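In what follows, a structure is listed as structure tokens, so that the remarks can point back to it.
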Amino acid sequence: MKNWPWAILAPAFIFVLIGIFSPWLMTHDPAAQDYAALLEGPGWAHWLGTDYLGRDMFSRIIGGARTSLVAMVFVLVAALAIGVVIGSFAGYVGGKTELVLISVIDIALALPSLVIALALMGVFSGANFDWMSDYWKMIVALTMAWWANYARMSRAVVVAELQQPYIEAARVMGASHIWIFTRHILPHVLGLVVVYASADAGALVLAIATLSFLGLGVAPPTPEWGQMLVDGMSYIEENAALVIIPGLALTAVVVSFNLLGEAFALQKVPRAVRGRLLSRKKAARAAEEVARKVVEA
Amino acid sequence: MLKLDRRSFLATTAGLSFLSVLPRVAFANGHADTLRVAISGETGDLDLLQNVSTLSSYSAVFDALIHYGPGGTLEPGLATAWTVAEDGLSISFDLREGVSFSDGTPFDATAAEWNLKRWMGVADFSWIGIADAYESIVIDAPNKITLKLKRPVPAALLELTIVRPVRFLSPSAAAGQPIGTGPWIVESYSSTETVLVRNDAYWGEKPTFARLELKVVPDELARANALRAGELDVIGGDWVAALSPRRAQALASEGMTIVAEPGTATTILGFSPNSPMMQDKAVRDAIFLGIDRTAVATVLFEGFADPTVDIFPATVPTAGSRTPVPARDIAAAQAALTAGGWAGDASGWTKDGATLEIAFLVSEESFPGSRRIAEMIQGMLMEVGVKTNIETVDNATMHDRRPKFDYDLTFFGTYGAPYDPHGSLGASFVTASDTGPDGKIYVHPDLDVLVATALETGGDAREGAMQAVYDWLRDNTAACPLVVTQRLWAVHPRVAGFTLPATDYDLPFKGITLG
């Protein structure tokens, strides 16, 4: 990990820290309007200036980080849980059940996640879903748009692991399905899927901002970067900072999370897994060698 | 090898500089007699029976019997005089003589009858009172007709000033041919622009320039930049190519002329009559008192809007007496809630176990800029203790939910001149009216009776009957008028004498000269 690009990864960690500690970092109420301080530039009273309703930009950026972080964590956890359960079940059970589930997953993967999320937000805007706030509608829509990737991946890992001799050995010894799945297969599934999810975090932050940009995400007065961007667009000629500041924050976090995922993918394959894989490969080669010698003899 | 001394270099540079100016000179000369006006959508073939374009495009080509003048005065158009019978059941028109459509077809009683029968008595146009009450047309003379009605329509003459489908098309025109008697003749139209040339046979004040180009520029910033670059001469008009107040301020500081005049349409906050929360007058009163209309007009409309608590502005005929705009009063808003049985303070209110929390339905597609106004109102009501949840929805959802009154609060606008006050009253405040996806501002059985009376009352009693409606709406806090947005246009310095027509459904050209 010493070779990791820490400088580039810093925004992701700062984003997480700001998201967690934002209530203590905000200098103003991000929803408080001050008509005497409209569109002010950076200064002591407002470090990053104010927006068109006189709201403090610094506090709104900090608040926006929390909004995005919380939504991102909810979506990732829910999408991971759904994806891992469905994908693993499909891979483990096999047969027609697997065929049906994998078809559903393929259909879900055939469309871009954001398109699915947009369609679902359209469905949720109906009167039947009034009981859900816009924020939760967004989380549910993104979760339903995001789970399929993890399901596909989980199923592939489960199918591969089921071919391993130690699974057969466990079965012969009378281990239950639940024991085999939770003790032997799930750790492999999570090891891979969680790494992939870390790279997905940036895409999710962007998707959250995109939905808000389109007016389908977080409801006012909750600060959100995508919404700040679209609101600032009307004032881009007079005060470009209203667009540049949330735009920069969003760019830094998305790039940073993408690099984090890439770094994980390149270097952070867990050592224990790597060791077991190597010993398995060595054992397989040794067995092949023995078999070859037996044949030659 | 090419040798370049100082003299050659300077001569070449001067030559290239001169050449670079030529296209601009040629461009300017090519448009010296052309007014280039931005429109937000293409005009199409200007079919008067279909909704294919903005109304202002039609009005450049097609004329009306009566024109809508400043303040709702009625001015002669294709009719030079008219007489309404005492019982209101017939209207006689003296048609202007010597007028022809641009294809040479004479405009006479036969042409007028052919046009009027295209929409009068037709179910699709029953939203126009005079079309719904139509009985027959009688040709009294080659240039005189009488329109007979089944019942009196006090707003009949105002209705004859509207654009679509009322204006006159040449009976000889083939399908898709926009041929009228108006000041302009369509030379060509495409998805990017419509070119019109002056109708030299026009009976009225002729344009001083020969061509009018309507350029399709859907994006407001692109329109502003085109004006700056001299590629457009005029942008603006709510129904032509809307210009935002902030953009107007920016253009004013860059030397463009901004023309702002009092508007004719009111932006109104509507209370759902079906919402249990909004049925409580105390809640409606608290919202009415808790909003700072002057701040809305100043902060979001840059002063290009006038705060109001009246349903119609004074620019509309029979708009009723003026009510002074009250200052925002948080204490009075909270007192109204307390008097209504609510308990609480700025942190929130409850009554019979229910928390005061209202859903504010907003669609940027339906009403651009509405989310910012909603956010501002949300902040103001928060200080009263009224929790407001803004629901941002798309146009389709808004069109689905608004007719069902499936909201607590949402934005509405009155139609503006020449449709008001009869148009908005008859559509937006009557239970039985069919307004389709637009929904209604407020309905109530008592209001139905008052509106029906007002719309059927003519003559001197009309004003009093209208005032009774306005009084009922105000006394019951049935709606919450906010501002009247001003009519806003930006004009390039090469355009002189720019004056606005009486409504934004007409294209400006009178008095304009091009530099």
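The values are calculated or read from the model by the stated rules, or taken from the named source; none is laboratory data. Worth saying up front: this structure is predicted, and the values here are computed from it rather than measured. Note: ideal-geometry Cβ built from the backbone for every residue, glycine included; neighbour counts use all protein chains shown.
Out of A:Val16, A:Val70, A:Val93, one residue alone is aliphatic (A, V, I, L, M), more than 14 Å from every other protein chain (Cβ to nearest Cβ) and free of Cβ contacts under 8 Å to residues at least 40 places away in the same chain. It is A:Val93.
For (1) surrounded by 11 or more Cβ atoms within 10 Å (Cβ to Cβ); (2) at pLDDT below 70; (3) within 25 Å of the chain's Cα centre (by Cα), each residue gets a yes or a no:
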{"site": "A:Leu242", "(1), (2), (3)": "yes, no, no"}
{"site": "A:Ile245", "(1), (2), (3)": "yes, no, yes"}
{"site": "A:Phe257", "(1), (2), (3)": "yes, no, yes"}
{"site": "A:Gly261", "(1), (2), (3)": "yes, no, yes"}
{"site": "A:Phe264", "(1), (2), (3)": "yes, no, yes"}
{"site": "A:Val269", "(1), (2), (3)": "yes, yes, yes"}
{"site": "A:Leu277", "(1), (2), (3)": "yes, yes, no"}
{"site": "A:Arg280", "(1), (2), (3)": "yes, yes, no"}
{"site": "A:Glu289", "(1), (2), (3)": "no, no, no"}
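Go through the residues of the stretch B:373-380 one by one and say whether even a single one is of a type outside the set (Lys, Arg), away from chain A (no Cβ under 14 Å) and crowded, with 23+ Cβ neighbours inside 10 Å. The answer is no; no qualifying residue exists.
The test for being away from chain B (no Cβ under 14 Å), at pLDDT 90 or above and out of contact with any His (no Cβ under 6 Å at 6 or more places or on another chain) does not hold for A:Ile178. Among the residues that make up the stretch B:199-221, is at least one of them within 23 Å of B:Gly413 (Cβ to Cβ), assigned to a helix (DSSP H, G or I) and within 13 Å of chain A (Cβ to nearest Cβ)? Yes.
Scanning for something within 14 Å of chain B (Cβ to nearest Cβ), in contact with a Gly (Cβ under 8 Å, 6 or more places away or on another chain), under 30 Å from A:Tyr235 (Cβ atoms) and of a type in the set (Asp, Glu), does the stretch A:29-50 turn up at least one residue? Yes, there is a match, as at least one residue in the stretch A:29-50 is within 14 Å of chain B (Cβ to nearest Cβ), in contact with a Gly (Cβ under 8 Å, 6 or more places away or on another chain), under 30 Å from A:Tyr235 (Cβ atoms) and of a type in the set (Asp, Glu). For the stretch A:102-128, taking the residues that are exposed (fewer than 14 other Cβ atoms within 10 Å of the Cβ), of a type in the set (A, V, I, L, M, F, W, C) and within 14 Å of another protein chain (Cβ to nearest Cβ), the one that is nearest to A:Asp200 (Cα to Cα) is identified as A:Val123. Please determine whether any residue of the stretch B:413-427 is over 19 Å from the mean Cα position of the chain (by Cα) and either buried (at least 23 other Cβ atoms within 10 Å of the Cβ) or more than 14 Å from chain A (Cβ to nearest Cβ) (or both). No, there is no match, as no residue in the stretch B:413-427 is over 19 Å from the mean Cα position of the chain (by Cα) and either buried (at least 23 other Cβ atoms within 10 Å of the Cβ) or more than 14 Å from chain A (Cβ to nearest Cβ) (or both).
Evaluating B:Arg328 against the criteria (1) crowded, with 19+ Cβ neighbours inside 10 Å; (2) within 13 Å of chain A (Cβ to nearest Cβ) leaves one unmet condition, (1). Residues considered: B:Gly270, B:Gly263, B:Gly303. Of these, the only one that is under 23 Å from B:Pro368 (Cβ atoms), within 21 Å of the chain's Cα centre (by Cα) and surrounded by fewer than 20 Cβ atoms within 10 Å (Cβ to Cβ) is B:Gly303.
Just one of the numbered conditions (1) at pLDDT 90 or above; (2) outside any helix (DSSP H, G or I) is not true of B:Ser433: (1). Identify all residues within the stretch A:204-215 that are surrounded by fewer than 24 Cβ atoms within 10 Å (Cβ to Cβ) and either within 10 Å of another protein chain (Cβ to nearest Cβ) or hydroxyl-bearing (Ser, Thr, Tyr) (or both); write none if there are none. Within the stretch A:204-215, A:Thr210, A:Leu214, A:Gly215 qualify.
Table: residues versus (1) within 18 Å of B:Ala265 (Cβ to Cβ); (2) touching a Gly at 6+ places or on another chain (Cβ under 8 Å); (3) not β-branched (Val, Ile, Thr).
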{"site": "B:Ala461", "(1), (2), (3)": "no, no, yes"}
{"site": "B:Ala465", "(1), (2), (3)": "no, no, yes"}
{"site": "B:Thr477", "(1), (2), (3)": "no, no, no"}
{"site": "B:Cys480", "(1), (2), (3)": "yes, yes, yes"}
{"site": "B:Leu488", "(1), (2), (3)": "yes, yes, yes"}
{"site": "B:Asp504", "(1), (2), (3)": "yes, yes, yes"}
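Taken over the stretch A:234-255, the criterion of being within 14 Å of chain B (Cβ to nearest Cβ) and out of contact with any helix residue (DSSP H, G or I) (no Cβ under 6 Å at 6 or more places or on another chain) is satisfied by A:Ser234, A:Glu238, A:Asn239, A:Ala240. On inspection, B:Trp203 does not qualify as aromatic (Phe, Trp, Tyr) and buried (at least 21 other Cβ atoms within 10 Å of the Cβ).
For (1) outside any strand (DSSP E or B); (2) closer than 19 Å to B:Thr298 by Cβ; (3) touching a residue at least 12 places away in the same chain (Cβ under 8 Å); (4) touching a helix residue (DSSP H, G or I) at 6+ places or on another chain (Cβ under 8 Å), each residue gets a yes or a no:
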position: B:Ala359; (1), (2), (3), (4): no, no, yes, no
position: B:Ile373; (1), (2), (3), (4): yes, yes, yes, yes
position: B:Gly379; (1), (2), (3), (4): yes, yes, no, no
position: B:Glu391; (1), (2), (3), (4): no, no, yes, yes
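For residues in the stretch B:285-318 being closer than 17 Å to B:Ile441 by Cβ and among the aliphatic types (A, V, I, L, M), which is nearest to the other protein chains (Cβ to nearest Cβ)? My answer is B:Ile291.
Screening B:Thr350, B:Thr323, B:Thr338 for residues that are more than 9 Å from every other protein chain (Cβ to nearest Cβ), touching a Phe, Trp or Tyr at 6+ places or on another chain (Cβ under 8 Å) and either surrounded by fewer than 19 Cβ atoms within 10 Å (Cβ to Cβ) or farther than 27 Å from B:Asp471 by Cα (or both) leaves exactly one candidate, B:Thr350.
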